[in-house]
Structures are given as structure tokens and as C-alpha cells.
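Comments concern the structure below.
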Amino acid sequence: MVDDGGGFDVLGPLRAHRLGAAMPVPVGVQRVVLMTLLVARRAVTGRHLLDLAWPDSVPPSGMKAVHVAISRLRGWLRSAFPGTHITRDNDSYRLDLGPWTLDADRFDHLACRGMDRTTATVVRVRHLAAALAIWRGPVLDAHPVAADFPTTAGWDLTRTAAACALADAAITSGSHLVAVPALAALAIERPMDEAVYASWAHLLTTCGRQAEAVAVLNTIRARLVDHLGLEPGPVLRAALQQALTRPLPEAPYTPTRVPIGPL
């Protein structure tokens with residue numbers, strides 16, 4: 001699955017692009033409706049759209065305002081992304097992307113291939129690294145719409161699983177450094193995620209960067225203790241034990257190059 005013509009990106013701030021060029025995205029209510037239909041990946045009731053578009057106070061026009069916004073959004077889609085449709089079934093609306101793509105779909109596809117343990121490890125590293133590179137930040141830049149649908153939580157869980165799988169596969173294939181940026185970026189977004197920090201520290205330790213690994217683990221331990229009153233769990237304790245006891249390398253670590261190109 002490749003993005004050869006354009007489409008929409010939701011793994012980060014909302015973006016639209018066509019043939020390599022950025023497309024201006026509608027603002028206001030139309031933007032909220034577009035974001036909702038993109039992340040929902042299913043039909044959404046008009047009432048739900050109304051509540052999301054006007055979370056504080058519903059306008060006097062009520063559902064008529066939603067219908068107007070959808071009509072205008074349909075006009076923009078016809079012009080900017082021909083073949084994309086908003087269909088209506090009773091009081092629910094669904095977005096059909098037609099020939100265009102969604103970055104979250106590409107991410108899911110690559111992550112699924114990368115977590116297939118029947119595939120060669122070096123190929124898994126390529127797929128997982130490519131999948132994680134699609135992410136530009138929290139879904140829809142953490143807009144409230146993103147928290148309203150289970151798809152967002154599913155993508156987040158898959159991202160964590162893919163990052164930890166990448167760490168394991170990169171270590172196995174001898175391409176450790178390929179995975180470090182992805183784990184570091186995820187750790188910044190999830191300062192309390194023990195699995196992510198353990199995988200990040202494991203990578204640093206395997207690269208001979210034990211001091212950094214210990215610093216990473218001490219950072220999350222302090223957060224857990226200060227904010228939650230909890231000591232690290234067994235995963236973090238095992239990572240710390242490895243970082244403290246692993247012998248230092250006799251020679252500087254030389255990573256194996258794993259090309260991350262078109263798949």
C-alpha cells in the first residue's frame with residue numbers, strides 16, 4: 001500500500017495533500033466534520049457531529065447547521081479530491097475516500113507486516129521503521145475529536161506495540177540505531193509508559209550507551225514515584241538491571257545499515 005496520489009493525514013495535525021502539493025483544509029465546523037469522519041472510519045450520527053462541532057452550546061439552527069456544513073464540505077471534496085463522497089444513511093454520515101489514502105491506513109498496513117514474525121527480521125525492521133515514521137505527533141494534534149473514537153486508541157496501541165517490536169527486531173538484526181529515534185520520540189509523548197522506556201533503554205544498553213540508558217530509566221522512575229506514588233514494575237527493573245550489569249563494549253558500536261526506502 002503506497003500513497004501515490006494524495007489524501008489525508010491524521011497521525012499528527014490534520015493535513016490534506018494531492019500529487020505532492022499541500023491542499024488548504026476547510027476551517028471551522030467543516031474542519032471538525034472532516035476530522036470526525038476521517039478518524040471515525042464508520043458512520044457518525046448527525047447528532048454526534050452536532051455535539052462535536054458545538055461542544056459548548058448548540059446553535060439555534062441545530063441540525064440545519066450540520067447539514068449546511070456537510071453540503072459545503074461535499075463541495076470542497078468534489079473540487080479538491082474527486083471520487084471522495086460523504087454518504088448519508090438515515091441520520092448518519094460516512095466518508096468514502098475513493099481513490100485517496102489515509103496515513104493511518106498505511107500505518108496499520110506496514111505495522112501489521114512488520115509484526116509478522118514469519119517475515120525475515122531485517123524486512124520487519126524496514127516495515128516497522130517505515131510505519132512509525134508516518135507519525136508526526138498525537139492524532140489530530142490531540143484535538144478533542146480524536147479522543148471521541150476507539151480508532152484513535154487502537155492506532156496508539158498499535159504504535160506502542162510496533163515501537164517495542166521494532167526495538168526487538170533491530171537488536172536481533174544488529175541494526176540497533178534504526179530504532180532509537182522512534183523510541184525516543186514516543187517516550188517524549190508518553191512520559192509514564194514503562195514498556196516504551198524499557199525498550200528505549202534496552203536499545204541504548206545494547207549500543208553500549210549504558211549511562212544514557214540508566215538516565216532514561218531514572219527519569220521515568222522519578223516520574224512514577226513523584227506523580228503516582230509507584231515504584232517501577234518488573235519490566236523497568238529488568239531493563240535497569242541489564243543496563244547496570246552489561247559489560248561495556250571493547251570497541252565502538254558499528255550499526256548494521258538497514259535501508260528504509262519504498263516498500
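Observations on the structure shown:
- Of all residues in the range 85-121, those satisfying the criterion of being among the hydrophobic types (A, V, I, L, M, F, W, C) and either in contact with a Gly (Cβ under 9 Å, 6 or more places away or on another chain) or under 23 Å from D156 (Cα atoms) (or both) are L95, L97, W100, L102, A104, F107, L110, A111, C112, M115.
- A130 meets the conditions (1) over 17 Å from T36 (Cβ atoms); (2) small (G, A, S); (3) assigned by the TED database to the domain that holds R31 in every case but one. The failed one is (3).
- Qualifying positions in the range 160-182 - within 18 Å of L236 (Cβ to Cβ), open to solvent by 20 Å² or more (accessible area, probe 1.4 Å) and in contact with a Ser or Thr (Cβ under 6 Å, 6 or more places away or on another chain): C164, I171
- First in the range 230-247 and without any contact (Cβ under 8 Å) to a residue 40 or more places away in the chain, second anywhere and outside any helix (DSSP H, G or I), Cβ under 9 Å, 6 or more apart: R237/E231; L240/P232
- Which listed residue, of A195, A185, A201, is at pLDDT 90 or above, small (G, A, S), open to solvent by 40 Å² or more (accessible area, probe 1.4 Å) and closer than 25 Å to P138 by Cβ: A195
- Test: residue in the range 148-160 that is acidic (D, E) and farther than 27 Å from L230 by Cα: yes
- Some residue of the range 78-92 being closer than 15 Å to F149 by Cβ and not acidic (D, E): yes
- Scanning the range 50-97 for residues that are small (G, A, S) and more than 29 Å from the chain's Cα centre (by Cα) turns up S57, S61, G62, A65, S71, G75.
- Among the helices (runs of 4 or more DSSP H) confined to the range 17-129, the ones with at least 2 residues that are open to solvent by 70 Å² or more (accessible area, probe 1.4 Å) and at pLDDT 95 or above are located at 63-80, 103-114.
The values are calculated or read from the model by the stated rules, or taken from the named source; none is laboratory data. Bear in mind the structure is a predicted one, so any value in this text is a computation, not a measurement. As a convention, Cβ positions derive from the backbone with ideal geometry for all residues, glycine included, and neighbour counts pool all protein chains shown. In case anyone asks, the SASA skips ligands and DNA or RNA and just uses the protein heavy atoms, side chains included. Shrake-Rupley method; radii C 1.70, N 1.55, O 1.52, S 1.80 Å.
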